[in-house]
Amino acid sequence: MRIAIHQNKEIFNHSTSWETEWINYCDEKNIDYEIIDCFSINIIEKLRDFDLLLWHIQNYVLQDMLFARSILQSAKQMGLKVFPDYNTSWHFDDKVAQMFLLQSIKAPIPNHWFFATKESCKKWINSEADFPVIAKLKCGAGSNNVKLLRTKSEALMYATKMFNGGLSSSPSILFKASSNYKSAPDWSTIKKRIKRIPDFIQTYSRAKRMPKEKDYCSFQEFIPNAGYDLKIYVIGDKISFLARHTRKGDFRASGGGNLSYDKSLVPKNVLESAFETSDKLKLQCIGFDYVVDKSTKKGKIIEMSFGFAHQALIGANGYWDRDLQWHNEPVNAPHEIIKNLLKK
């Protein structure tokens, strides 16, 4: 088994990229691998010498979003095993696609309304919408592009922007700084986040190259929660979690960094639906964002992504198996992916 690991540091070189973990794992296990640039000339011919291709697609790298899935699918067509495969990646960083997909299998999700014309959107806002509602761009991370619209006038203003000039999906420097400060429990956490400023600057510079989002509106039902949401990770037969507490004076939790690993916050129905959804969609690896309705205790999926901060997952120090029995063994997602692919 010979593994190709995509890496192009000229385009993107981030401390949380999974290729570093893949390289370390292959070195530790004496697995034959090579670092390759999938944007190089004659890449398809070069891939004929490999059995497996790994690529940590970055949502703020335009080249990745434009071409990675085409190259991965072409490699699979040649007989290579790939990560992420088509089932796992086609909806990556597309919250609208995710909602349609989750609706198709009747997964537990909030109500969702999508509009491709200004007229239909404004008609719904004026006559049918029940406020507050959540407005989301189809792309972006860290809840930067998620807004709570409390009134009809706010929703109409938002729709006007989306169907005229549009909105940028790139992260806001002010929002990120404020979010990190508000969610930091102590000075040592603030110092750790300051050290990651170069990562953010690189992400921001790449994100600014992405086109504006416009000519659609996507709204989601607002689900009152108990002050946190859940990130539920399913990788093969293992499922783990972290809880993210909402920021002070904000309804959002994603991107804030105020984490908890209290297993009592995870209802059984969330674990069961996460396994079921992952199985139905044939996903290799996925992180589901859940909100738990504080009145019913039922979890609902609000978005999903195969890519996530794997270091945060390691902090859970364990996982549940298919029988929902807990094991005190930390899960390193990039390592698990290689192990699962080599089993098949």
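Would you check if residue 92 is in a loop (DSSP other than H, G, I, E, B), within 20 Å of residue 139 (Cβ to Cβ) and at pLDDT 95 or above?
It is true that residue 92 is in a loop (DSSP other than H, G, I, E, B), within 20 Å of residue 139 (Cβ to Cβ) and at pLDDT 95 or above.
Do we have residue 269 as touching a Gly at 6+ places or on another chain (Cβ under 7 Å), free of Cβ contacts under 8 Å to residues at least 24 places away in the same chain and more than 25 Å from residue 59 (Cβ to Cβ) here?
Taking the combined requirement at face value, the residue does not satisfy it.
Somewhere in the stretch 51-73, is a residue of a type in the set (Ser, Thr, Tyr) and either assigned to a helix (DSSP H, G or I) or under 17 Å from residue 137 (Cα atoms) (or both)?
The answer is yes; a qualifying residue exists.
Out of the residues in the stretch 282-311 that are in contact (Cβ under 8 Å) with a residue 60 or more places away in the chain and surrounded by fewer than 18 Cβ atoms within 10 Å (Cβ to Cβ), state the one that is nearest to residue 221 (Cα to Cα).
293
Inspect the stretch 95-115 for any residue being more than 21 Å from the chain's Cα centre (by Cα) and either closer than 24 Å to residue 296 by Cβ or not assigned by TED's automatic domain parsing to the domain that holds residue 22 (or both) and give the result as yes or no.
So far as the stretch 95-115 goes, yes, one or more of its residues are more than 21 Å from the chain's Cα centre (by Cα) and either closer than 24 Å to residue 296 by Cβ or not assigned by TED's automatic domain parsing to the domain that holds residue 22 (or both).
Matching residues to (1) part of a helix (DSSP H, G or I); (2) touching a His at 6+ places or on another chain (Cβ under 9 Å):
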residue: 274; (1), (2): yes, no
residue: 277; (1), (2): yes, no
residue: 286; (1), (2): no, no
residue: 291; (1), (2): no, no
residue: 301; (1), (2): no, no
residue: 308; (1), (2): no, no
residue: 331; (1), (2): no, yes
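Inspect all residues belonging to the stretch 95-107 and state whether any of them is out of contact with any His (no Cβ under 6 Å at 6 or more places or on another chain), touching a residue at least 40 places away in the same chain (Cβ under 8 Å), in a loop (DSSP other than H, G, I, E, B) and surrounded by fewer than 17 Cβ atoms within 10 Å (Cβ to Cβ).
Scanning the stretch 95-107 turns up at least one residue that is out of contact with any His (no Cβ under 6 Å at 6 or more places or on another chain), touching a residue at least 40 places away in the same chain (Cβ under 8 Å), in a loop (DSSP other than H, G, I, E, B) and surrounded by fewer than 17 Cβ atoms within 10 Å (Cβ to Cβ).
Could you tell me how many of the residues in the stretch 1-42 are among the hydroxyl-bearing types (Ser, Thr, Tyr) and either within 17 Å of residue 341 (Cα to Cα) or at pLDDT 95 or above (or both)?
4
Considering only residues of the stretch 12-36 that are exposed (fewer than 15 other Cβ atoms within 10 Å of the Cβ), free of Cβ contacts under 8 Å to residues at least 60 places away in the same chain and outside any strand (DSSP E or B), which is nearest to the chain's Cα centre (by Cα)?
By that ranking, first place goes to 24.
The rows are residues; the columns are (1) under 25 Å from residue 229 (Cα atoms); (2) in the same structural domain as residue 213 (by TED's automatic domain parsing); (3) part of a strand (DSSP E or B).
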site: 126; (1), (2), (3): no, yes, no
site: 130; (1), (2), (3): yes, yes, no
site: 134; (1), (2), (3): yes, yes, yes
site: 138; (1), (2), (3): yes, yes, no
site: 141; (1), (2), (3): yes, yes, no
site: 164; (1), (2), (3): no, yes, no
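Looking only at the stretch 324-338, filter to residues that are over 18 Å from the mean Cα position of the chain (by Cα) and among the aliphatic types (A, V, I, L, M); which one of those is farthest from residue 263 (Cα to Cα)?
338
With the condition kept exactly as written, say whether any residue in the stretch 118-128 is touching a strand residue (DSSP E or B) at 6+ places or on another chain (Cβ under 9 Å), in contact (Cβ under 8 Å) with a residue 60 or more places away in the chain and surrounded by fewer than 16 Cβ atoms within 10 Å (Cβ to Cβ).
no
The values are calculated or read from the model by the stated rules, or taken from the named source; none is laboratory data. What you see is a predicted model; the values in this text were computed from it and never measured. Every residue, glycine among them, receives a Cβ derived from its backbone with ideal geometry; neighbour counts consider all protein chains shown.
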